[in-house]
Protein chains: 2
Amino acid sequence: MSEVSSGAVPAAQGSPADLVRQLLDALGADLVTAGADLGTRRHCDWSGTPGADPVALIRPRSTADVSRALALCHRLGQPVVIQGGLTGLAGGANLRGGEVALSLERMSAIEEVDPVSGTITVQAGAILQRVQEAADAAGMMFPLDLGARGSCTIGGNLATNAGGNRVIRYGMAREQVLGIEAVLADGTVIGDMHKMVKNNSGYDLKQLLVGSEGTLAVITRATLKLAPRPAGLLTAWCGLPDYASVTRLLHYARAHLSGGVSAFEVMWPSYYDYVLEHVRGLRAPLDTRHAYYVLLESPASDAERDAAGFEDVLGEMLSEGVVENASIASSNADAARFWAVRDAPAEFPVLMPGLIGFDIGFSTADIGAVAAQCETMLHARWPDMTTLVYGHLGDGNLHVIAHLDDAPPDLAEQVDEAVYDLTRAWRGSVSAEHGIGSKKRAYLGHTRDAGARHAMHAIKRALDPANLLNPGKVLEPVSPSVDLPGAS
Amino acid sequence: MSEVSSGAVPAAQGSPADLVRQLLDALGADLVTAGADLGTRRHCDWSGTPGADPVALIRPRSTADVSRALALCHRLGQPVVIQGGLTGLAGGANLRGGEVALSLERMSAIEEVDPVSGTITVQAGAILQRVQEAADAAGMMFPLDLGARGSCTIGGNLATNAGGNRVIRYGMAREQVLGIEAVLADGTVIGDMHKMVKNNSGYDLKQLLVGSEGTLAVITRATLKLAPRPAGLLTAWCGLPDYASVTRLLHYARAHLSGGVSAFEVMWPSYYDYVLEHVRGLRAPLDTRHAYYVLLESPASDAERDAAGFEDVLGEMLSEGVVENASIASSNADAARFWAVRDAPAEFPVLMPGLIGFDIGFSTADIGAVAAQCETMLHARWPDMTTLVYGHLGDGNLHVIAHLDDAPPDLAEQVDEAVYDLTRAWRGSVSAEHGIGSKKRAYLGHTRDAGARHAMHAIKRALDPANLLNPGKVLEPVSPSVDLPGAS
């Protein structure tokens with residue numbers, strides 16, 4: 001396969017003013033705003049990585065508008081960055097300079113709730129929380145949930161394959177999608193708006209587009225699965241003596257709780273001690289100290305029976321010594337108090353300016369050893385560093401926070417390199433749920449081998465041959481070479 | 001994008017004898033058997049569509065062997081058909097003539113069960129039932145299950161995204177995969193053998209390869225998710241008065257059964273009456289007749305509590321009149337007796353030689369009307385036709401059987417056209433779980449629009465530019481043209 005560059009930002013023909021005039025002429029002033037007229041509008045995501053301002057902003061009102069806009073940019077050789085709620089953490093929606101921004105903000109309709117089929121059909125710019133509310137109003141649940149729910153959009157959730165706290169029970173964003181509509185770089189519309197759970201009719205394009213971070217197509221609409229709404233949630237806070245007990249509790253709970261496990265959030269003492277000391281208003285769920293803390297949640301269908309089962313499971317784990325101490329939430333207020341301890345990272349940017357955060361993935365069997373090795377390694381190199389470790393254990397997702405007062409300017413690069421090298425050594429993922437974007441592009445090869453990256457480049461070239469959609473994100477500039485057997 | 005043909009079988013250089021000699025020289029007699037030496041070995045799947053014999057059979061012992069074989073065939077321009085357990089129903093593994101067959105039968109190892117991570121790692125030629133047994137021996141469950149379990153292989157299950165009876169609870173084959181290893185047409189190995197549930201590091205190639213029916217790559221190994229093994233299964237047979245009651249039962253059961261619904265098999269009277277009359281050894285689960293019959297199954301974690309919940313759900317449905325009559329299995333023998341009625345289609349090929357079978361998908365809301373319209377339409381055109389209707393309702397998957405004694409030779413083509421036209425009119429899927437293969441290729445456009453097919457062709461050309469992997473399957477010979485806005 002040819003080694004065409006697919007990472008560098010291509011240059012459009014003509015001056016920025018020319019470009020804006022051509023966009024305005026073709027698409028009209030309702031859809032196109034010149035960069036100079038955008039005022040203080042924000043164009044960067046939450047990653048903290050630098051982002052340029054767009055040459056122009058296109059705000060389509062329909063899929064046909066998106067198609068016309070992309071077909072035009074394709075003819076002009078003009079790169080485009082797609083923007084949703086701008087809540088990403090990997091710089092995937094940021095501009096590098098010279099691009100047009102395409103925002104889906106005007107395509108935010110919730111088009112249909114079909115309670116019999118258990119589906120909701122929305123435009124890509126729909127805010128996640130609005131989708132959750134529409135499902136709730138129909139007596140069901142849209143289970144994807146994350147902290148940015150009030151700002152993030154379904155299009156962004158799908159483009160980045162968003163995760164969150166309830167993946168262990170309901171899966172990632174990709175597992176919520178039944179149908180998708182998307183527009184390719186040249187304006188071709190893919191109309192796969194189906195409602196079928198089973199549909200083995202050719203390649204599953206939606207699964208390729210989900211998680212491709214705006215580099216392969218613009219997702220414009222989707223049909224999503226709804227889940228039954230649980231009658232309630234059972235919540236407990238547990239203290240455990242060692243990592244083997246943590247995985248034993250996970251497996252025992254999954255096997256013995258009728259409703260399964262909807263959250264299994266693990267916190268290491270580094271995290272627990274820090275947030276109780278520094279984050280205002282938190283109360284310790286237990287008055288004892290442990291090697292690991294677990295926030296366990298299970299959905300209940302029958303409040304009384306499932307609560308009895310929940311108590312049985314914790315009783316058995318306590319009697320086996322797997323759990324040293326536990327507190328079961330007896331009210332929503334108790335559960336909220338437990339979750340507040342887990343949700344404390346929302347305060348970290350204020351408490352630890354310049355913090356370095358990681359979103360890495362490993363097999364569940366490895367996480368205990370990886371976390372210990374990671375904290376030991378960081379403290380050996382930076383003795384005064386604050387490190388906090390927590391994660392979604394059942395999903396193999398570890399979050400590590402590193403912070404140093406009076407940090408040297410290149411600290412983030414050094415810590416990134418150290419943690420991602422460790423990730424590679426453990427055959428882990430450099431991005432469990434946040435995506436690669438621009439921030440982790442240099443480390444993609446730590447998780448994906450040359451053959452996989454080679455195939456990704458081939459697909460990118462096939463669907464976006466001029467490299468106009470979100471150029472420079474996810475993939476390195478040039479496809480890696482692979483050794484072929486017998487090719488000499 | 002250029003309109004290169006990607007459906008016709010390409011012709012290799014040289015004579016078949018030349019080819020065999022080159023394969024033997026390069027790969028050795030252990031891996032390569034000439035077509036003439038294959039004796040009575042079967043090379044066709046279970047679809048009933050015609051299949052040619054291979055020019056040669058390659059049976060690799062390792063991924064490196066697969067890579068060497070494909071690199072060689074790539075240099076020779078030699079098309080290859082990948083074969084697993086040959087249990088497919090769409091002709092996807094059949095040969096058209098002139099191809100080499102690549103069988104994964106020697107790569108059948110179960111390499112590792114990791115109970116802590118909840119994973120099993122296998123080679124593609126591993127038989128599904130062996131994988132289920134290995135999971136069971138580790139105290140867990142591999143939930144994918146289908147009638148062909150004793151013959152089908154994991155590689156084939158993944159290549160076709162196999163479904164089955166328990167998709168409603170555990171998902172299709174694609175939802176069981178965490179990691180994959182595959183070889184592209186030119187011999188490039190993609191090494192994505194991860195164990196992480198969350199891994200947003202670039203395009204999800206495994207989700208593209210799963211369901212691509214051997215046209216994009218040869219899957220060689222996979223790491224699969226294991227589920228907790230339920231303590232038991234609760235099973236009931238229900239009779240219902242109308243379709244609204246069927247969907248009401250589905251939603252009520254999903255919301256109120258703590259363990260959820262692991263099977264929701266719906267049988268129409270046409271099916272029920274036929275099998276009780278014609279299939280030996282079946283006993284009617286109820287002595288009353290109804291407009292719909294449902295086999296409902298729910299996994300139990302706590303035998304006593306979950307059984308009480310199951311009775312409560314059925315009690316409520318009976319008192320509301322949603323269920324007219326029901327029988328709860330009080331033993332494994334009862335449950336087996338209920339399942340025997342649902343598993344009767346295994347006898348159909350003997351009872352109805354030349355039967356025409358359909359595996360179509362619709363939204364759950366539409367299935368009642370589609371099924372009625374389909375039977376009415378078939379009986380209007382062919383008054384003596386036997387039609388049987390049943391399906392996996394929660395997955396939107398309908399099976400329709402049509403049979404006519406003394407059928408004219410072109411009956412299958414006529415019935416196909418009529419049923420697939422109806423499928424298109426209801427925006428359904430021409431293949432819910434069996435795949436497109438060669439049998440339904442002409443109808444792919446009934447479910448996937450020109451834009452989607454255009455993208456599929458582009459991906460096929462990107463990963464297999466010489467069209468050597470399973471040529472002529474899934475995709476029509478030439479990519480459809482799409483209208484681009486403003487392109488004049």
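The values are calculated or read from the model by the stated rules, or taken from the named source; none is laboratory data. What you see is a predicted model, and the numbers here were worked out from it, not measured in a lab. Neighbour counts run over all protein chains shown; Cβ positions are idealised from the backbone, glycine included. We work out accessible area using only protein heavy atoms, side chains counted, and drop any ligands, DNA or RNA first. Shrake-Rupley method; radii C 1.70, N 1.55, O 1.52, S 1.80 Å.
Checking the condition among the hydroxyl-bearing types (Ser, Thr, Tyr), buried (at least 20 other Cβ atoms within 10 Å of the Cβ) and at pLDDT below 95, which residue from B:SER258, B:SER245 passes? Spell out how you get there, then give the answer.
Details: B:SER245 fails: at pLDDT below 95.
When all the criteria are applied, what remains is B:SER258.
Within segment B:373-422, which residues are of a type in the set (S, T, N, Q) and within 14 Å of chain A (Cβ to nearest Cβ)?
Within segment B:373-422, the subset of a type in the set (S, T, N, Q) is B:373, B:376, B:386-387, B:397, B:414.
Result: B:ASN397, single match.
Checking each residue in segment B:312-325 for being surrounded by fewer than 20 Cβ atoms within 10 Å (Cβ to Cβ) and either among the aliphatic types (A, V, I, L, M) or assigned to a loop (DSSP other than H, G, I, E, B) (or both) picks out B:LEU318, B:GLU320, B:GLY321, B:GLU324.
Going through (1) touching a residue at least 12 places away in the same chain (Cβ under 8 Å); (2) open to solvent by 10 Å² or more (accessible area, probe 1.4 Å); (3) hydrophobic (A, V, I, L, M, F, W, C) one by one, A:CYS238 falls short only on (2).
Within segment A:142-156, identify whether any single residue is of a type in the set (S, T, N, Q) and farther than 26 Å from A:TYR203 by Cα, and answer yes or no. Yes - at least one qualifying residue is present in segment A:142-156.
Looking for something within 24 Å of B:HIS194 (Cα to Cα), without any contact (Cβ under 8 Å) to a residue 24 or more places away in the chain and open to solvent by 20 Å² or more (accessible area, probe 1.4 Å) - is there at least one such residue anywhere in segment B:149-172? No, because not a single residue in segment B:149-172 is within 24 Å of B:HIS194 (Cα to Cα), without any contact (Cβ under 8 Å) to a residue 24 or more places away in the chain and open to solvent by 20 Å² or more (accessible area, probe 1.4 Å). Number of residues in segment B:275-311 that are under 16 Å from B:ALA253 (Cβ atoms) and open to solvent by 70 Å² or more (accessible area, probe 1.4 Å): the value is 1.
Out of the residues in segment B:179-191 that are open to solvent by 10 Å² or more (accessible area, probe 1.4 Å) and at the interface with chain A (Cβ under 7 Å from one of its Cβ atoms), state the one that is farthest from the chain's Cα centre (by Cα).
Initially, segment B:179-191 is screened for residues open to solvent by 10 Å² or more (accessible area, probe 1.4 Å), giving B:181, B:186, B:189, B:191.
Subsequent filtering for residues that are at the interface with chain A (Cβ under 7 Å from one of its Cβ atoms) retains B:186, B:189, B:191.
Numbers: B:ASP186: 27, B:VAL189: 25, B:GLY191: 25 Å.
It comes out as B:ASP186.
Please work out if A:ASN470 is touching a residue at least 60 places away in the same chain (Cβ under 8 Å), more than 22 Å from A:LEU355 (Cα to Cα), surrounded by 20 or more Cβ atoms within 10 Å (Cβ to Cβ) and not assigned by TED's automatic domain parsing to the domain that holds A:GLY88. So A:ASN470 passes the test.
With respect to B:THR33, is the statement that it is crowded, with 20+ Cβ neighbours inside 10 Å and either modelled with pLDDT of 90 or more or touching a Lys or Arg at 6+ places or on another chain (Cβ under 7 Å) (or both) true? Against the criterion (crowded, with 20+ Cβ neighbours inside 10 Å and either modelled with pLDDT of 90 or more or touching a Lys or Arg at 6+ places or on another chain (Cβ under 7 Å) (or both)), B:THR33 qualifies. The combined condition, being under 26 Å from B:LEU295 (Cβ atoms) and open to solvent by less than 50 Å² (accessible area, probe 1.4 Å), is not fulfilled by B:ALA346. Among the conditions (1) open to solvent by less than 30 Å² (accessible area, probe 1.4 Å); (2) at pLDDT below 85, the only one that B:LEU23 does not satisfy is (2).
Apart from one condition, B:LYS206 fits all of (1) within 29 Å of B:GLY391 (Cα to Cα); (2) over 21 Å from the mean Cα position of the chain (by Cα); the exception is (2).
Which ones in segment A:457-488 are acidic (Asp, Glu) and under 22 Å from the mean Cα position of the chain (by Cα)? Don't jump to the end; show me each part of the working.
Here is the first cut: in segment A:457-488, the ones acidic (Asp, Glu) are A:464, A:476, A:483.
Within segment A:457-488, A:GLU476 is the sole residue that qualifies.
Kindly establish whether B:SER6 is modelled with pLDDT under 95, crowded, with 19+ Cβ neighbours inside 10 Å and part of a loop (DSSP other than H, G, I, E, B).
Details: modelled with pLDDT under 95: yes; crowded, with 19+ Cβ neighbours inside 10 Å: yes; part of a loop (DSSP other than H, G, I, E, B): yes.
Against the criterion (modelled with pLDDT under 95, crowded, with 19+ Cβ neighbours inside 10 Å and part of a loop (DSSP other than H, G, I, E, B)), B:SER6 qualifies.
Among the helices (runs of 4 or more DSSP H) confined to segment A:193-311, the ones with at least 3 residues that are more than 9 Å from chain B (Cβ to nearest Cβ) and on the phi < 0 side of the Ramachandran plot are located at A:243-256, A:269-278.
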